[in-house]
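No lab work stands behind these numbers, since they all come straight from the coordinates. Just so you know, these numbers come straight off a predicted model, no measurement behind them. Cβ: placed from backbone, ideal geometry, glycine included. Neighbour counts: every protein chain shown.
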Amino acid sequence: MRLLLTGSSGWLARFLATRLRASGHDVLGIDVVPGANTDIIGSVADRLLIDRTFGDYGIEAVIHAGALHKPDIARFAAQAFIDVNVTGTLNLLEAAAEAGHDRFLFTSTTSLMITDAIRDEAGPSAIWLDEDFGPLAPRNIYGVTKLAAEGLCRLYHRDHGLACMILRTGRFFPEDDDTIDALDGPNLKANEFLNRRLTVEDAAEAHLLALDRAPALGCETFVLSAPIAFARGDGPALKQDAAAVIARYYPEAADLYAARGWRLPASIGRIYDPGRAERLLGFRARTDFGSILAALRDGRPLPFAHDPGYVSPVTRGARPV
Ligand SMILES: NC(=O)c1ccc[n+]([C@@H]2O[C@H](COP(=O)([O-])OP(=O)(O)OC[C@H]3O[C@@H](n4cnc5c(N)ncnc54)[C@H](O)[C@@H]3O)[C@@H](O)[C@H]2O)c1
């Protein structure tokens, strides 16, 4: 298909564009910042540019990965989030509906499911976060605008029959966490594969599957994360003594971690459940916590990207809209 990929200079797009082309798609990239996969420099908030692009290039479907995201909160005003994440999504949906497209992919985020209470992990048990979790009350402008954009996708499905795949993606960023610094970067990322992270390659793969299945599925929301080993009944124990639960599922974890000077989480308060994506999309991330232990055991490179120096292109570009 002839696809418009937004955010084409970004981290996800670096992998997604390559993967899409390898499976025979024609990919046209749009971003506010130049990049190897970007053909059009401009903003999704510019409706005229979107219309012209659809007309000039005969776009058949949109993969909307471009956004201002959480690290951008420190850099841009709330209005820029509305312009890019909400108006930009609306522009693309309107253009897609007018062009009679049969599918639309929106890269959303698990972050919009995190209320203050969940972030504080104050309850007595780990909480399972799946697509039915609610009520949703995102705690920052990133989550609020991504949730609004999801709502627009559902509306365009309802009113125009546009099949929309809403991919609530867990963490795949390569840089260090902007708030947690108690563990070194690779240790923290490895721990997150227990409950809230996937590789960028796996995130890209899920987009391929969703693109393929969209017309048959209609409008669906999916949580994307690495497969989880734990059962829901482990919730209280994960909260109280995560290392003991981890030892049951991964008996070699403690020793492999100790050999590297790493620490396992003492407590896990939330689990992102990718079960629906597995059932409906046939998506199961290739890399999970077990893959990381296998790499540690065999002395192989870690199977996930870690780049403390990564800076979102839009930050370098300085003008998001
Ligand atoms: N990185 C993560 O861990 C993570 C987790 C969950 C969801 N997501 C989502 O995945 C998507 C891709 O994120 P990423 O990690 O590749 O981030 P990124 O910052 O590397 O890429 C986002 C791209 O969007 C571009 N962009 C910003 N404003 C734009 C505009 N007005 N018009 C066109 N392009 C614009 C940026 O320049 C950038 O190249 C985003 O929608 C993000 O919300 C990311």
Can you give the angle from 0 to 90° between the axis of helix 141-160 and the longest principal axis of the chain, with both taken from C-alpha atoms, to the nearest 10?
50 degrees
Cα-projected label distance for ARG75 with ALA36, points at 7 Å along beta-carbon direction, nm:
2.0 nm
Note the full-extension length gain between ALA254 and ARG52 as 0.36 nm times their separation in residues minus their Cα-Cα distance, in nm to one decimal.
67.1 nm
Give me the dipole magnitude in Debye, nearest 20, for the chain about the Cα centre, with unit charges on the beta carbon: positive for Lys and Arg, negative for Asp and Glu.
260 debye
What FRET efficiency comes out for the pair ARG2/LEU217, r = Cβ-Cβ distance, R0 = 22 Å, nearest 0.05?
0.55
Output the 0 to 90 degree angle, nearest 10, between the alpha-carbon long axis of helix 47-57 and the longest principal axis computed from the alpha carbons of the chain.
80 degrees
In Hz, Karplus ³J(HN,Hα) per residue of region 289-306 (6.51, -1.76, 1.60; θ = phi - 60°; x = Gly, Pro)
4, x, 5, 5, 4, 4, 5, 5, 5, 8, x, 8, x, 4, x, 9, 7, 9
Give me the distance in nm between label points sitting 7 Å out from Cα along the Cα-to-Cβ direction at ALA266 and ASP241, one decimal.
1.4 nm
Comparing GLY235, GLY309, GLY275 in a Gaussian network model of the chain (Cα, 10 Å), the one with the largest mean-square fluctuation is GLY309
What does DSSP give for the chain in terms of the percent of beta bridges that are antiparallel, rounded to the nearest 5?
0 percent
Helix-only [θ] at 222 nm, the chain, -39500 (n - 2.57) per DSSP H run of 4+, per residue, nearest 500, equals -12000 deg cm²/dmol
Among the trypsin sites (Lys or Arg not before Pro) within region 60-145, which fall in a DSSP loop and have no more than 15 other Cβ atoms within 10 Å of their own Cβ?
ARG75, ARG139
Simple spin-label estimate for THR18 and ASP132 in nanometres, 7 Å along Cα-Cβ:
3.9 nm
Straight distance only, please: which aspartates and glutamates reach the Cα of LYS239 with their own Cα at less than 19 Å, same-chain residues fewer than 8 apart left out?
ASP116, ASP120, GLU121, ASP130, GLU192, ASP273
Candidate lysines for bridging to LYS70, where Cα separation is under 23 Å - those fewer than 8 sequence places away on the same chain excluded
LYS146, LYS189
Given the Cα-Cα distance of ARG300 and ALA182 and 0.36 nm per residue of separation, how much length would full extension add, in nm?
40.0 nm
Gain upon complete extension [ARG319, ASP116; 0.36 nm per residue less C-alpha separation]
70.1 nm
For the chain, what is one quarter of the convex hull surface built on the Cα atoms, given in nm²?
15.6 nm²
Check which residues have an amide H placed less than 5 Å from GLY29's amide H, if you skip close sequence neighbours.
LEU5, ASP39, ILE40
